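Right, one structure below, let's go through it.
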Amino acid sequence: YGDGVVPHGLGVTYGMISSSYAAEKLGIMSAEDRAEHDELCWLLLRRWPLPEPKPSAETVLALAMRDSKRGLAGEADDEISDVLLRKMGDIVPTATNNLSKFPCSLVFEWLVDMGFPSQRETAEGQVQQG
């Protein structure tokens, strides 16, 4: 969306559910703990849905890859970093301001799951890897 379109606190909260998606996919957070975490986040997010039309998943990922925290965790070009939880209140500690790096493809998958359009979708609606 770019600066000023979505209030910062809402953007942070969407980032929290993106990171819980990644944590579950990486085996750090259980499905049950993710559901509990995300339900709390959705109490806020349901009140202020994202503006339509949504930008592409590629655009949002490109913006996320330019986040001010980028580089603190020594991410490779295909990685992103954020604070990951095992469950609510149980942060995965790191020496890099509690930022854990993980494949940015997980953020892309989450964006597509959230309904952001993608230029990488096949006719079957599946995301192509790569």
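The values are calculated or read from the model by the stated rules, or taken from the named source; none is laboratory data. Since this is a predicted model, take the numbers as computed values, not measurements. Positions of Cβ are backbone-derived with ideal geometry, glycine not excepted, and every protein chain shown enters the neighbour counts. The protein model used for the area step is the full one, side chains on, heavy atoms only, and it has no ligands, DNA or RNA in it. Shrake-Rupley method; radii C 1.70, N 1.55, O 1.52, S 1.80 Å.
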Problem set entry | TRP110 being within 13 Å of the chain's Cα centre (by Cα) and among the aromatic types (Phe, Trp, Tyr) | yes
For this session: Kindly provide the set of residues from segment 51-102 that are hydrophobic (A, V, I, L, M, F, W, C), touching a residue at least 60 places away in the same chain (Cβ under 8 Å) and part of a loop (DSSP other than H, G, I, E, B), ordered by number.
Result: VAL83, LEU84, VAL92
Exercise. Of all residues in segment 27-42 being on the phi < 0 side of the Ramachandran plot and either free of Cβ contacts under 8 Å to residues at least 24 places away in the same chain or touching a Cys at 6+ places or on another chain (Cβ under 6 Å) (or both), which is least open to solvent (accessible area, probe 1.4 Å)?
Worked result: ASP38
Exercise. In this structure, does LEU45 turn out to be in contact with a Leu (Cβ under 8 Å, 6 or more places away or on another chain) and without any contact (Cβ under 8 Å) to a residue 40 or more places away in the chain?
Worked result: yes
Exercise. Pick from GLU24, GLU75: which is buried (at least 17 other Cβ atoms within 10 Å of the Cβ) and in contact with a strand residue (DSSP E or B) (Cβ under 6 Å, 6 or more places away or on another chain)?
Worked result: GLU75
Problem set entry | Sole residue being modelled with pLDDT of 95 or more and open to solvent by 50 Å² or more (accessible area, probe 1.4 Å), chosen from PRO93, PRO49 | PRO93
Problem set entry | Subset of segment 98-123 (residues that are exposed (fewer than 14 other Cβ atoms within 10 Å of the Cβ), of a type outside the set (A, V, I, L, M) and out of contact with any Ser or Thr (no Cβ under 9 Å at 6 or more places or on another chain)) | ASP113, GLY115, GLU121, THR122
